[in-house]
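The values are calculated or read from the model by the stated rules, or taken from the named source; none is laboratory data. These numbers come from a predicted model, not from an experiment. We place every Cβ from the backbone using ideal geometry, glycine too, and count neighbours over all the protein chains shown.
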């Protein structure tokens, strides 16, 4: 099974409601789809979102990386030579992690197809069902309360609340949501780098004083401020989850070595795909640091790949894989089933997407 071509196309899927964070607002998934095609007829699927405010990747840079650098470098490789493919993928161009992730997941899809097993089993996993949270975008408080209540009515028991635009007003926002959904719903807070270190400590401490029972706070400070992130981690009781601070294996080592966060959010678009994500999982396992599997604003293809990673590695104890739930429709056939908060892994070989 040899790679004979890599093709790209654009896909645009409207969202149920606009997606709003401290960094950006958008009303659709507007991503690049990658198909890795083999001489035996099998096809592997991948996806890359142009999340410029986080990864630096745009649609044009993703297309350029795949078509001008990655495609000519990988044509002719046998899928069984997984290590060789990954070395070439990560050496043929610097950075461009989203483009690499799309091709990486398509190659892993084909590798698992070659093995005749679902990808999560190839990765060593035994879980065939995982649970995701649902994101509540940052909006006026009354809108967020209604969105949270609607999510709970649809069966979601864990919500990730976007904040980071309103300083101490975020405390009142979280208090209103907690009052609306009751004590049994898990609430996660995602500041998307929206606070300074001391401000974050003040806000999180206020949430603790209000007994809001926040499960974790994700990326309170700017990505490259490891000292600030550590300051927050050291001065609050609520667990701190590092997201934008951890792109690479080196980032994970530095963060863990300095105890700058309690948890790590692994996203394939940051790591450049499953290959590097598995290395971060190994480091986290060594030091006993639990991980979350997260996603950007992605459709079912990329989120399915991340779900296979989550089901495959037990160190990933939490999932923020709600991309398909945010889309108005699913244009794909096959793959895991996304039923409310449950992701049921496919029994078919590979990631499972067939069209």
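Considering the range 168-264, the qualifying helices (runs of 4 or more DSSP H), each wholly inside and each with 1 or more residues that are modelled with pLDDT of 95 or more, more than 21 Å from residue 22 (Cα to Cα) and in contact with a strand residue (DSSP E or B) (Cβ under 6 Å, 6 or more places away or on another chain), run over 249-257. Count of the range 300-316 residues, restricted to those that are touching a strand residue (DSSP E or B) at 6+ places or on another chain (Cβ under 7 Å) and either surrounded by fewer than 24 Cβ atoms within 10 Å (Cβ to Cβ) or over 20 Å from residue 347 (Cα atoms) (or both), is 2.
Filter the range 112-138 down to residues that are surrounded by fewer than 22 Cβ atoms within 10 Å (Cβ to Cβ) and within 20 Å of residue 296 (Cβ to Cβ) and give me whichever is farthest from the chain's Cα centre (by Cα). The selected residue is 137. For the range 223-246, taking the residues that are under 20 Å from the mean Cα position of the chain (by Cα) and surrounded by fewer than 21 Cβ atoms within 10 Å (Cβ to Cβ), the one that is farthest from residue 319 (Cα to Cα) is identified as 224. Among the conditions (1) touching a strand residue (DSSP E or B) at 6+ places or on another chain (Cβ under 6 Å); (2) surrounded by 24 or more Cβ atoms within 10 Å (Cβ to Cβ), the only one that residue 332 does not satisfy is (2). For the range 102-153, which residues satisfy the criterion of being assigned by TED's automatic domain parsing to the domain that holds residue 276, farther than 19 Å from residue 312 by Cα and touching a strand residue (DSSP E or B) at 6+ places or on another chain (Cβ under 8 Å)? Once the filter is applied, which keeps residues that are assigned by TED's automatic domain parsing to the domain that holds residue 276, farther than 19 Å from residue 312 by Cα and touching a strand residue (DSSP E or B) at 6+ places or on another chain (Cβ under 8 Å), the range 102-153 yields 134, 135, 136, 137, 138, 139, 144, 147, 148, 151, 152. Condition check: closer than 13 Å to residue 248 by Cα, out of contact with any strand residue (DSSP E or B) (no Cβ under 9 Å at 6 or more places or on another chain) and in contact (Cβ under 8 Å) with a residue 12 or more places away in the chain. Does residue 279 satisfy that? So residue 279 fits the description; yes.
Being closer than 28 Å to residue 137 by Cβ and either in contact with a strand residue (DSSP E or B) (Cβ under 7 Å, 6 or more places away or on another chain) or not assigned by TED's automatic domain parsing to the domain that holds residue 220 (or both): is that true of residue 284 here? So residue 284 does not fit the description; no.
Of the helices (runs of 4 or more DSSP H) contained entirely in the range 1-98, those carrying at least 3 residues that are loosely packed, with under 14 Cβ neighbours inside 10 Å and outside the structural domain of residue 333 (by TED's automatic domain parsing) fall at 82-91.
For the range 310-330, which residues satisfy the criterion of being assigned to a helix (DSSP H, G or I) and farther than 21 Å from residue 111 by Cβ?
Restricting attention to the range 310-330, the residues satisfying the condition of being assigned to a helix (DSSP H, G or I) are 310-312, 323-326.
Correct list: 323, 324, 325, 326.
Quick check, is residue 302 part of a strand (DSSP E or B) and in contact with a helix residue (DSSP H, G or I) (Cβ under 8 Å, 6 or more places away or on another chain)? I'd like the intermediate steps shown before the answer.
Working: part of a strand (DSSP E or B): no; in contact with a helix residue (DSSP H, G or I) (Cβ under 8 Å, 6 or more places away or on another chain): yes.
The answer is no for residue 302.
Scan the range 237-249 and tell me whether some residue there is on the phi > 0 side of the Ramachandran plot and not assigned by TED's automatic domain parsing to the domain that holds residue 100. Scanning the range 237-249, I find no residue that is on the phi > 0 side of the Ramachandran plot and not assigned by TED's automatic domain parsing to the domain that holds residue 100, so the answer is no.
For the range 331-355, the set of residues classified as in a loop (DSSP other than H, G, I, E, B) and under 27 Å from residue 150 (Cα atoms) consists of 331, 332, 335, 336, 340, 341, 345, listed by residue number. Name every residue in the range 161-220 that is in contact (Cβ under 8 Å) with a residue 40 or more places away in the chain and at positive phi, in order of residue number. Within the range 161-220, 164, 192, 193, 219 qualify. From the set of residues in the range 139-158 that are in a loop (DSSP other than H, G, I, E, B) and touching a residue at least 24 places away in the same chain (Cβ under 8 Å), which is surrounded by the most Cβ atoms within 10 Å (Cβ to Cβ)? My answer is 156.
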